[in-house]
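Working notes for the structure below.
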Amino acid sequence: MYRQQLKFKQRRENLVDQLRSKGIEDERVLDAFNQVPRHVFVDTALEERAYKDSALPIGMGQTISQPYTVARQTELLEVFPGERVLEIGTGSGYQAAILCELGAKVYSVERHKKLYEKARSTLRELGYSVELKLGDGSLGWSAYAPYDAIVVTAGAPVVPDDLVNQLNVNGRLVVPVGDEKKQEMVRVLKVRENEFEQERYRNFKFVPLVGEKGWKEN
Ligand code: SAH
């Protein structure tokens, strides 16, 4: 058992080296990657592949994002301890755990019941405290708004306006926007009431955001 844990710890360190060489610079984000056991968030049959820099299936046609993508999104969010962060697309719960390691109070919405339940038990087992909701995250989660940061881990056709409306002043929204094949990472910063700045970053590939303010289910 101990030997097994040590093996995964070493693989995490290798993954962190890879992320650094691919351009991730925020040491707090890299530290978080060293803390979260990604292999626990995937099926045991996929455990051996958990520390490669690639996406893996998690059921219901969905994936746990590639570590580089999670790292880049997290870096762009610029999360500080004590901040309130909303994630859309809980999936396996891995990104939520990374945000917890950064000291955030994390809220996360998932539309698939099976994934929501699985993520809830994984996060609980590892001792991460996250507020989870089953529902359509394209509308945000108004009950706990406003948030200091919002991250969407599925590709949207446009920047969902409900999410922009749930940002605090100085809040950041990071959302992949594009067609079904590829998306650009859009970062919206709420500078002051009714004033926003937008930046865009190179191409990414996500599963679609399906919902009222996302893609229609087919
Ligand atoms: N952050 C996840 C990645 C999951 S992939 C992780 O770390 O594992 C994206 C997830 O978004 C999928 O689980 C998908 O079911 C979910 N999703 C897609 N559209 C959604 C919506 N409108 N509301 C909530 N979740 C959604």
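The values are calculated or read from the model by the stated rules, or taken from the named source; none is laboratory data. Everything quoted here is computed from the prediction, not taken from an experiment. For neighbour counting, all protein chains shown are included, and Cβ atoms are generated from backbone atoms with ideal geometry for every residue, glycine included. Keep in mind that these areas ignore ligands, DNA and RNA; they rest on the heavy atoms of the full protein, side chains included. Shrake-Rupley method; radii C 1.70, N 1.55, O 1.52, S 1.80 Å.
See the values below:
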{"quantity": "Whether segment 1-151 is rounded, prolate or oblate, judged on the alpha carbon gyration tensor where a/c under 1.5 counts as rounded", "calculated": "oblate"}
{"quantity": "Linear extension gain, Tyr201 paired with Asn168, 0.36 nm per residue minus alpha-carbon span", "calculated": "9.6 nm"}
{"quantity": "The chain: most fluctuating residue of Lys118, Lys133, Lys181 per GNM, C-alpha cutoff 10 Å", "calculated": "Lys181"}
{"quantity": "Dipole magnitude (debye, nearest 20) for the chain, charges at Cβ of Lys, Arg, Asp, Glu", "calculated": "680"}
{"quantity": "Where labels lie 7 Å past Cα in the beta-carbon direction, separation of Arg3 and Ser121 in nm", "calculated": "2.9"}
{"quantity": "Accessible surface of Arg192 - all protein chains present, 1.4 Å probe, nearest 10 Å²", "calculated": "130"}
{"quantity": "Potential extension, Asp179-Glu48 segment - 0.36 nm per residue separation minus Cα distance", "calculated": "44.0 nm"}
{"quantity": "The chain: most fluctuating residue of Pro160, Pro81, Pro37 per GNM, C-alpha cutoff 10 Å", "calculated": "Pro81"}
{"quantity": "Prolate/oblate/rounded label for segment 1-71 (Cα gyration tensor, a/c 1.5)", "calculated": "oblate"}
{"quantity": "Accessible carbon and sulfur surface of segment 42-197 relative to its total accessible area, %, 1.4 Å", "calculated": "47"}
{"quantity": "Antiparallel bridges, percent of DSSP beta bridges restricted to segment 67-218 (to nearest 5)", "calculated": "45"}
{"quantity": "Per residue accessible area of the chain, 1.4 Å probe, in Å²", "calculated": "49"}
{"quantity": "Residue-by-residue Karplus 3J(HN,Hα) for segment 126-142, coefficients 6.51, -1.76, 1.60, Hz, glycine and proline x", "calculated": "8, x, 8, 9, 10, 7, 10, 9, 9, x, 8, x, 5, 9, x, 9, 5"}
{"quantity": "Charge context of Pro157, other residues only, Cβ under 11 angstrom, K/R +1, D/E -1", "calculated": "0"}
{"quantity": "For segment 55-204, with +1 on Lys and Arg beta carbons and -1 on Asp and Glu, the positive-most of Pro81, Val106, Leu167 along the dipole", "calculated": "Val106"}
{"quantity": "Cα gyration tensor, segment 111-218 - rounded (a/c under 1.5), prolate or oblate", "calculated": "oblate"}
{"quantity": "Relative contact order for segment 1-159, counting Cα pairs under 8 Å that sit 6 or more residues apart, in percent", "calculated": "21"}
